[in-house]
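> Quick one: this structure, given as structure tokens, is what I'll be asking you about.
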Amino acid sequence: MENKILVARSSMPSMEEYIEEIREIWDSHWLTNMGPKHAKLQQELAAYLGVEQLDMFTNGHMAIELSLQALKLPKGSEVITTPFTFASTTHAIVRNGLTPVFCDINENDFTMDVSKIEALVTDNTSAIMPVHVYGNICNIEEVQRIADKYGLKVIYDAAHTFGETYKGRGIGVYGDVSCFSFHATKVFHSIEGGAVCFHDKDFGKELYRLKNFGIKNEEIVDGVGANAKMNEFCAAMGICNLRHIDEEIRKRKAVAERYYLYLEGIDGIRLNPVQKEVKPNYAYFPVVFDEKVFGTSRNEVYNKLAQHGIGARKYFYPLTNTFECFHGRYDSNVTPVAVHISKRVLTLPLYADLAPEDVDRVCKVILKCKI
Ligand SMILES: *Cc1c(COP(=O)(O)O)cnc(C)c1O
């Protein structure tokens, strides 16, 4: 039996490097609550991401959820978002007592179709929450133009875009707020973790309070917060991984380029576009199968890969507006392009240490599916 190829595999520093980094924790006994490792990682991240202000969280989801809370959007107001995303984006809106309004995506790069946003704006709209999906950057200028015109907040789910730049600036500087995930499967990780980049200092204070139960000081608790603090061991893992981030992205790029070698120009297969003025991070390798031309459906390719011990992912299928937990609440017919893509897309195995021979194996199985 051939070895299994997973869709993702966490990069790790050497054990020695991590042990060296956590050694001080044994001296200080400071395990969580914004200790020295937290402070160090926060500073280094702000520098790497090219942002002035950043706070860190226990995971990317809490970063998004608490950002929405800290923005103090009117209860029940509408947030224009995309269903072509991970559960977290939509759940964060709903868990804040806000109403997601689903905008369709564009077929080219799978981000929000900005030409369809304005038709969804009502008197009750308070924010736009697009996703830089697969690391593809949204049409930032157009989103901002619409937000300015109608007085809306812009919160980017930037979970897929660690280390990317747009027009030479770190992606975290755009919008009112940008949220990153440092989950183990992401380009950069702290085992679990997340960060929020923002501009407004008062928002930052509110956000900080909310990740620590809403505690203002020893005697005053004036917010209904959560507990979403990043602990020192996670921060230490982040510090180690950040040392190797350029190499991580370089290795991912080599994997992506090998996929392009095999799959570019194949009829019935569409690959992720290269975007202008974007420095990409090669977070994912989505492939869209057109069964009519390719001869084989996405689901059949998925099954064939699985038979060969290769894990691909139907990412993002199902759409969040069709989740069981929202049964009857939303109508996915309003996002036909997202429906179309979610039935045809597969993300292929991609991680820094994926061997060239394994990429070859994945591609050969896919190409054999072509009729
Ligand atoms: C990973 C991810 C999140 C959530 O991040 P966690 O760190 O896993 O909580 C949110 N949105 C998107 C698009 C993601 O891929």
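> Note down the net charge around residue 31, summing +1 for each Lys or Arg and -1 for each Asp or Glu among other residues with Cβ under 10 Å from its Cβ.
Within the 10 Å Cβ shell, the charges total 0.
> What's the local net charge at residue 343, with K and R +1, D and E -1, over the other residues with C-beta under 15 Å away?
Value of the local net charge: +1.
> List, in order, the whole-Hz ³J(HN,Hα) value for each residue of the stretch 264-280 obtained from phi through the Karplus relation with A = 6.51, B = -1.76, C = 1.60 and θ = phi - 60°; use x for Gly and Pro.
Once θ is set to phi - 60°, the couplings for the stretch 264-280 become 5, x, 7, 4, x, 10, 10, 9, 4, x, 8, 9, 5, 6, 10, 8, x Hz.
> So, counting K/R as plus one and D/E as minus one, what does the shell of residues with Cβ under 14 Å around residue 238 add up to?
-2
> At a Cα cut-off below 26 Å, give the lysines reachable from residue 343, other chains included and same-chain residues fewer than 8 away excluded.
Straight-distance partners of residue 343: 4, 116, 186, 292, 304, 314, 364, 368, 370.
> Ok, one more. Please quote Rg/Rh for the chain to two decimal places, taking the Kirkwood radius as Rh and restricting both calculations to Cα atoms.
0.97
> What's the FRET efficiency of residue 72 with residue 277 using the Cβ-Cβ distance as r and R₀ = 41 Å, to the nearest 0.05?
The pair residue 72/residue 277 has a calculated efficiency of 0.80.
> Now for a separate question. Counting pairwise Cα distances across the stretch 1-79, what percent come out greater than 20 angstrom?
Tail of the P(r) past 20 Å holds 59 percent of the pairs.
> Between rounded, prolate and oblate, where does the stretch 227-371 land on the alpha carbon gyration tensor, with a ≥ b ≥ c its root eigenvalues, rounded for a/c under 1.5, else prolate if a/b exceeds b/c?
Oblate, since a/c reaches 1.5 and b/c is not below a/b.
> Here is a further query. Given an 8 Å cut-off on Cα distances and at least 6 residues of separation, report the relative contact order of the chain as a percent.
Once normalised by length, the contact order is 23 percent.
> At a threshold of 8 angstrom on Cα-Cα distance, excluding pairs fewer than six apart, so keeping six or more, what relative contact order does the stretch 218-351 reach in percent?
Value for the stretch 218-351: 25 percent.
> PRE reach from residue 167 (point 7 Å along Cα→Cβ): which of the stretch 109-146 fall under 16 Å by backbone N?
Only 137-146 pass the distance filter.
> Ok, one more. Apply the Karplus curve 6.51 cos²θ - 1.76 cosθ + 1.60, θ = phi - 60°, to the phi angles in the stretch 208-224 and return the couplings in whole Hz, x for Gly and Pro.
With coefficients 6.51, -1.76 and 1.60, one gets 4, 5, 5, 7, 10, 6, x, 7, 8, 8, 4, 10, 10, 10, 10, x, 8 Hz.
> Which ordering of 329, 270 is given by a fewest-first count of other beta-carbon atoms within 10 Å?
329, 270
> Full extension from residue 246 to residue 199: what is 0.36 nm times the residue separation minus their Cα-Cα distance, to one decimal in nm?
14.3 nm
> Run the simple label-point estimate for residue 108 and residue 26 please: 7 Å along Cα→C-beta, distance reported in nm.
5.6
> If you stretched the chain out fully between residue 14 and residue 300, how much longer would it get, using 0.36 nm times the residue separation minus the C-alpha to C-alpha distance?
Value of the extension gain: 99.1 nm.
> Over the stretch 7-124, what is the relative contact order in whole percent, taking alpha-carbon pairs under 8 Å and six or more residues apart?
17
> Turning to a different aspect of this structure: Taking the convex hull of the alpha carbon atoms in the stretch 142-264, what volume per residue do you get, in Å³?
Here the figure is 155 Å³ per residue.
> Assuming 0.36 nm per residue, please report the length gained on full extension of the stretch residue 267 to residue 95 beyond their Cα-Cα distance.
Between residue 267 and residue 95, full extension yields 57.7 nm more.
Only the coordinates and a few stated rules stand behind these numbers; no lab work does. Treat the numbers as computed from the prediction; the structure is a model and nothing was measured. Ideal geometry is used to build each Cβ from the backbone, glycine not excepted, and the neighbour counts take in all protein chains shown.
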